[in-house]
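Colleague: Below are the structure tokens for one structure; questions will follow.
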């Protein structure tokens, strides 16, 4: 093998690692970036944010499962507590959907909510029950158990105050 071939293979390897890291995080909202949450059993979850109406409406719709790692989630931020139900139009993989109160106490967990690769009709799209919550965290199906997430437990968000200030602007 020539030196040029070795260099080419090494370059291809490093470029594939570089682009793979972006491919796994394509769902990250570039406007807000991401932060780390700590699950009830102490494991880190890398979280992207859905803050605006357009971001919340899109959620994880249209995202291929390979673009999201098992340790990643999408956090839906709302200013106040209220009744919430989530549905799964144009979603390509099942999710665990976690409803949280203003103190990040887990109110409810809906595990393995079925995906629905189409847009409607509305009555055909899988929907969660309605819960009184302020925030919602979506993870790949099966991750809630892995992270020890169940009602009554808490999720820690060390940079909460910083992000809430940003979200409120």
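The values are calculated or read from the model by the stated rules, or taken from the named source; none is laboratory data. As the structure is a computational prediction, the values presented were derived from the model and not from experiment. Note that each Cβ is placed from the backbone with ideal geometry, even for glycine, and that neighbours are counted across all protein chains shown.
Colleague: Among the residues of region 151-169 satisfying the criterion of being at pLDDT 90 or above and assigned to a loop (DSSP other than H, G, I, E, B), which is surrounded by the fewest Cβ atoms within 10 Å (Cβ to Cβ)?
Modeller: Taking the candidates together, the pick is 152.
Colleague: In addition: Residues of region 111-137 being in a strand (DSSP E or B), more than 14 Å from residue 59 (Cβ to Cβ) and without any contact (Cβ under 8 Å) to a residue 40 or more places away in the chain, which ones?
Modeller: Hits for region 111-137 are 111, 112.
Per-residue answers, yes or no, for (1) crowded, with 18+ Cβ neighbours inside 10 Å; (2) modelled with pLDDT of 95 or more; (3) more than 16 Å from the chain's Cα centre (by Cα):
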residue	(1), (2), (3)
99	yes, yes, no
102	no, yes, yes
123	no, no, yes
127	no, no, yes
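Colleague: Another question, if that's okay. Just to be sure before I move on: is residue 60 under 11 Å from the mean Cα position of the chain (by Cα), crowded, with 19+ Cβ neighbours inside 10 Å and assigned to a loop (DSSP other than H, G, I, E, B) in the structure I sent?
Modeller: yes
Colleague: Additional query: Out of 49, 99, 37, report the one residue that is closer than 16 Å to residue 167 by Cα and in a strand (DSSP E or B).
Modeller: Working: 99 fails: closer than 16 Å to residue 167 by Cα; 37 fails: closer than 16 Å to residue 167 by Cα.
Of 49, 99, 37, the one residue that is closer than 16 Å to residue 167 by Cα and in a strand (DSSP E or B) is 49.
Colleague: For residue 148, all conditions in the list (1) farther than 25 Å from residue 52 by Cα; (2) surrounded by 16 or more Cβ atoms within 10 Å (Cβ to Cβ) hold save one; what is the number of the exception?
Modeller: Failing condition for residue 148: (2).
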